[in-house]
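The values are calculated or read from the model by the stated rules, or taken from the named source; none is laboratory data. Please read all numbers here as calculations on a predicted model, not as lab measurements. Note that we place each Cβ from the backbone using ideal geometry, even for glycine, and neighbour counts take in every protein chain shown. To get the accessible areas, we keep the full protein, side chains included, count just its heavy atoms, and leave off ligands, DNA and RNA. Shrake-Rupley method; radii C 1.70, N 1.55, O 1.52, S 1.80 Å.
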Amino acid sequence: MTVKMIIDTDPGIDDAMAIAYAAADPNIEVIGLTTVFGNVYVEQGTRNALHLVEMLDLNCPVAEGAAKPLEIPLDPPSHQVHGAEGFGGLPAPTPSGKAISESAAEFLCRTCSENPGEVVICAIGPLTNLAHALRLDPHIAHTAGKVVIMGGSAEVGGNITQFAEANIFHDPHAAAEVFAADWPVVMVGLDVTHDIICTSQDFDKLKAYAPKTGGFIKAISSFYLDFYASVGLTEGCHLHDPAAVIAAAYPHHFQTRDMPLSVILDGERRGETQPAPGASTPLVSVCTGVDDDGVKARFMAAYRALS
Ligand code: BDR
Ligand code: CA
C-alpha cells in the first residue's frame with residue numbers, strides 16, 4: 001500500500017537525501033513538504049525544499065513553518081555540517097515556485113483532517129511545526145495516521161552535544177509537547193541511525209545509477225563527508241533522515257521498544273531524551289535496533305530504479 005507522507009524538514013544535506021529517496025520510492029506518495037529552521041534558516045530551507053520539489057518532479061506543495069523555537073532563542077544554523085546554503089558546497093538554488101500561503105502548522109492540520117488516519121508525518125528537523133500544529137488543532141493527534149521523527153537517542157548519547165541529538169536540542173520544548181500528545185510517535189534516533197553508514201563510493205554509485213538525482217546527492221555529500229571526517233568519522237556519513245523515511249514505510253527493518261520519554265529542557269543536558277519509566281505520558285515507539293544492511297540496500301535500490 002502507498003504511504004501518504006508529509007515530510008517536515010530543514011533541508012539540509014541528509015534531508016535532501018531523504019526527500020530524494022521518498023520521491024524515488026513507488027510505495028511513498030509525498031503529499032507535501034513543510035519547512036522549519038534547523039540546519040539552515042527557515043527561508044533557506046523553504047527555498048531548498050522548493051528546489052527539491054522541482055528537481056524531483058514531486059508536484060506537491062511546500063508550506064513554510066517556524067523560523068524559531070517555541071521558547072528558547074534560535075541557535076545559529078549548522079552551516080559547518082550542511083554548508084552556508086544547506087546543500088554543502090553548492091550555491092543557493094533558484095527555484096521558480098513559491099511556498100503556499102498556509103503555514104506549515106495549518107497545512108499539517110488541514111491535510112490530516114481531510115485524510116483522517118491516512119497521513120504519515122515524517123519529521124526530520126526540529127519538532128516546532130508539529131508542536132504548533134498540536135496547539136492550533138489538538139485534534140490532529142487523532143487525524144494524523146502516524147508521526148515518525150528523526151531525533152533523539154535513548155541509549156547512545158548525543159551528537160550536537162554529549163547528551164543531545166541536534167533536532168531535539170534545537171527545540172526541546174517542542175519535542176516535549178510532541179511526546180506528551182496522544183498520537184502514535186515512532187522515534188528514529190541515533191540508537192539506529194548511527195548504524196547506517198553511506199560511503200563516498202556509495203554516493204558514486206548513486207550518481208552512476210541516476211545521473212541527475214544521484215549526481216546532485218553525490219555533489220552535496222562531499223561537504224557532509226568532510227564534516228564527518230573532521231570529527232573523526234572517516235568511514236562515511238550517517239543516513240539520519242533517510243532512516244526515518246524508510247522506517248515510516250518499512251517498519252519491519254527496525255526493532256522497537258515502547259516507553260515514555262522525557263526531554264531535558266535546559267542546562268548542559270538540554271535536548272537529552274531519556275526513557276522515563278512510570279511517567280504518565282503516552283508511550284513512544286523507540287527504534288532500538290535496525291537491519292542496517294536492509295535499510296541501506298533499500299536506499300541504494302530506490303536510486304537504481306530511477307535510471
Ligand atoms: C539530524 O540533525 C540534522 O543535522 C540532520 O539533518 C538530521 O535531521 C541528525 O541529528
Ligand atoms: Ca534534518
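Tabulated data for the structure shown
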item: Accessible area (Å², per residue) of segment 1-152, counting only protein heavy atoms and a probe of 1.4 Å; result: 35
item: Computed [θ] at 222 nm, deg cm²/dmol, the chain (DSSP H ≥ 4; -39,500 (n - 2.57); rounded to nearest 500); result: -12000 deg cm²/dmol
item: Per residue value of the accessible surface for segment 217-283 (all protein chains in place, 1.4 Å probe), Å²; result: 47
item: Karplus-derived 3J(HN,Hα), 6.51/-1.76/1.60, for each residue of segment 29-39, Hz, glycine and proline x; result: 10, 7, 9, x, 10, 10, 10, 8, 4, x, 4
item: Hz values of 3J(HN,Hα) by residue in segment 185-202 - Karplus curve (6.51, -1.76, 1.60), Gly and Pro given as x; result: 10, 10, 9, 9, x, 5, 3, 10, 5, 5, 8, 10, 10, 10, 9, 4, 5, 4
item: Those GluC sites (Glu not before Pro) in segment 121-228 that DSSP places in a loop and that have at most 16 other beta carbons within 10 Å; result: Glu155
item: The chain, relative contact order in percent, only Cα pairs under 8 angstrom and at least six apart counted; result: 19
item: Rough spin-label spacing in nm, given labels placed 7 Å along Cα→Cβ, for Ser222 and Thr234; result: 2.0
item: Two-decimal log10 I(q)/I(0) for segment 3-304, as the Debye equation yields it once each C-alpha is a single scatterer, q = 0.09, 0.15 Å⁻¹; result: -0.37, -1.14
item: In segment 60-135, trypsin sites (Lys or Arg not before Pro) in a DSSP loop with at most 15 other beta-carbon atoms within 10 Å; result: Lys98
item: Percent accessible area from carbon and sulfur atoms, the chain, protein chains only, probe 1.4 Å; result: 52
